[in-house]
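Undergrad: Below are the structure tokens for one structure; questions will follow.
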Amino acid sequence: GIAVHKAVIYVCDTILGGLEIIDLNDHTFEYFQPGGKGELKKPVNCFVDQNDFLYVADVARGQIVIFNPELRYVDAFGLAEESKLTDVFIYDNKIWASDIKNRKIHVFNKQTHKLIFSFPNAKYKTPAYLYSPTNLFIINDQVYVSDFGDFKIKIYNVKGDYIRSVGSYGMGHGQLVRPKGIAVDRDMNLFVVDAAFENVQLFDSKGKLLMFFGGSYKGPGYMWLPAQIIIDYDHLQYFQKYVDKSFNLKYLIFVTNQYGPEKISVYGFVEPK
């Protein structure tokens, strides 16, 4: 998992049992391994909200662990029953978490951390059913869920009602085998990481494939078991110098790789000046 906030990059590290924190302003690299109640066992994804609070989805703890802007432990919460929370997202003053074991998306109150509701309430083998939800992204009141077990990205509204899906199982263009990280840009284009193809596929707002990039590792720009993707509009100044002068950098795309020499790859979505 990866998050970028106020010129700081946070990267989950399941082997470390913590995070790496990279400061683009100070040019520093630090390990974050909290102890006590905040001890992390297998952090897989993270999110930083507008108040600078860090939320970590720890699949081994089955909890979301929260740290304040000074990275001090605040709270940890989940469900009473056993769960495996694989991603966390803050939206509409609520905490959203994907649960791969219980095949649900859980929505918690941001202040009390109490469960508000879970979805989908769908029968097995129906389009709305989640087999193995791993990652989620929320924008414009639409909840995108990467269903690793059904080889699709499923889209719901914020009430939990199913809308549609993108992708299908297969080896062709626009098809998926191991979908993981997902992100949506401001034009409602959907980016999907596929750990099998080791690439990112880009779909428009109607689910039509536009392009793909990456591929099995051969050097910089390729991918090696990619996991998560985020889109960032706020830190262009750190990367504009790498773009051809005839193009403007519209936004950044960060992709994490679990293996290989490039653990974080940064791509630029550009447009002609």
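The values are calculated or read from the model by the stated rules, or taken from the named source; none is laboratory data. All of these numbers come straight from a predicted model, not from anything done at the bench. Backbone-built Cβ (ideal geometry, glycine too); neighbour counts: all protein chains shown. Areas reflect the complete protein model, heavy atoms only, side chains present, ligands, DNA and RNA absent. Shrake-Rupley method; radii C 1.70, N 1.55, O 1.52, S 1.80 Å.
Undergrad: Name the residue, out of Lys218, Lys250, that is touching a helix residue (DSSP H, G or I) at 6+ places or on another chain (Cβ under 9 Å), open to solvent by 30 Å² or more (accessible area, probe 1.4 Å), farther than 22 Å from Cys46 by Cα and at pLDDT 95 or above.
TA: Working: Lys218 fails: touching a helix residue (DSSP H, G or I) at 6+ places or on another chain (Cβ under 9 Å).
The match here is Lys250.
Undergrad: Considering only the stretch 8-53, state which residues are among the hydroxyl-bearing types (Ser, Thr, Tyr) and assigned to a strand (DSSP E or B).
TA: Filtering the stretch 8-53 for residues among the hydroxyl-bearing types (Ser, Thr, Tyr) gives 10, 14, 28, 31.
Across the stretch 8-53, the qualifying residues are Tyr10, Thr28, Tyr31.
Undergrad: Among the residues of the stretch 73-89, which ones are in a loop (DSSP other than H, G, I, E, B) and touching a residue at least 12 places away in the same chain (Cβ under 8 Å)?
TA: As a first pass, look at the stretch 73-89 and keep what is in a loop (DSSP other than H, G, I, E, B): 79-84.
Selection gives Leu79, Glu81, Glu82, Ser83, Lys84.
Undergrad: I'm told Lys273 meets every condition in (1) in contact (Cβ under 8 Å) with a residue 24 or more places away in the chain; (2) under 18 Å from Thr14 (Cα atoms) except one. Can you identify the failing condition by its number?
TA: Going through the list (1) in contact (Cβ under 8 Å) with a residue 24 or more places away in the chain; (2) under 18 Å from Thr14 (Cα atoms), Lys273 breaks only (2).
Undergrad: Test of understanding: among Phe77, Phe47, Phe53, which residue is aromatic (Phe, Trp, Tyr), open to solvent by less than 30 Å² (accessible area, probe 1.4 Å) and under 19 Å from Ile95 (Cβ atoms)? Walk me through it before giving the result.
TA: Numbers: Phe47 fails: open to solvent by less than 30 Å² (accessible area, probe 1.4 Å); Phe53 fails: open to solvent by less than 30 Å² (accessible area, probe 1.4 Å).
The match here is Phe77.
Undergrad: Looking at the stretch 119-140, which of its residues are surrounded by fewer than 22 Cβ atoms within 10 Å (Cβ to Cβ), of a type outside the set (Val, Ile, Thr) and touching a residue at least 40 places away in the same chain (Cβ under 8 Å)?
TA: Residues of the stretch 119-140 that are surrounded by fewer than 22 Cβ atoms within 10 Å (Cβ to Cβ), as a first pass: 119-129, 131-132, 138-140.
Then drop every residue that is not of a type outside the set (Val, Ile, Thr), which leaves 119-125, 127-129, 131-132, 140.
Phe119, Pro120, Ala122, Asn140 - these are the residues of the stretch 119-140 that are surrounded by fewer than 22 Cβ atoms within 10 Å (Cβ to Cβ), of a type outside the set (Val, Ile, Thr) and touching a residue at least 40 places away in the same chain (Cβ under 8 Å).
Undergrad: Here's another thing I want to ask about it. Give me the pairs: first residue in the stretch 166-182 and open to solvent by 10 Å² or more (accessible area, probe 1.4 Å) and at pLDDT 95 or above, second residue of a type in the set (D, E, K, R) and part of a strand (DSSP E or B), beta-carbon distance under 6 Å, and six or more apart or on different chains, which are they?
TA: Listed pairs, sorted by first residue: Gly167/Lys152; Arg178/Asp194.
Undergrad: Considering only residues of the stretch 1-12 that are out of contact with any Leu (no Cβ under 6 Å at 6 or more places or on another chain) and farther than 11 Å from Ile264 by Cα, which is most open to solvent (accessible area, probe 1.4 Å)?
TA: Lys6
Undergrad: Among the listed residues Asp150, Asp99, Asp92, identify the single one that is in contact (Cβ under 8 Å) with a residue 24 or more places away in the chain and open to solvent by less than 50 Å² (accessible area, probe 1.4 Å).
TA: Numbers: Asp150 fails: in contact (Cβ under 8 Å) with a residue 24 or more places away in the chain; Asp92 fails: open to solvent by less than 50 Å² (accessible area, probe 1.4 Å).
Only one candidate qualifies: Asp99.
Undergrad: Are any residues in the stretch 234-264 part of a strand (DSSP E or B) and among the hydrophobic types (A, V, I, L, M, F, W, C), and if so, which ones? Spell out how you get there, then give the answer.
TA: Our first condition is that a residue be part of a strand (DSSP E or B); within the stretch 234-264, this holds for 247-257, 264.
Answer for the stretch 234-264, where residues must be part of a strand (DSSP E or B) and among the hydrophobic types (A, V, I, L, M, F, W, C): Phe247, Leu249, Leu252, Ile253, Phe254, Val255, Ile264.
Undergrad: Oh, and also: Here are Asn135, Asn121: which of them is assigned to a loop (DSSP other than H, G, I, E, B) and modelled with pLDDT of 95 or more? Walk me through how you get there before you give the answer.
TA: Values: Asn135 fails: assigned to a loop (DSSP other than H, G, I, E, B).
From the options Asn135, Asn121, the qualifying one is Asn121.
Undergrad: Further, regarding this structure: Anything in the stretch 227-247 that is open to solvent by 50 Å² or more (accessible area, probe 1.4 Å) and among the polar types (S, T, N, Q)? List them, or say none.
TA: Answer for the stretch 227-247, where residues must be open to solvent by 50 Å² or more (accessible area, probe 1.4 Å) and among the polar types (S, T, N, Q): Gln237, Gln240, Ser246.
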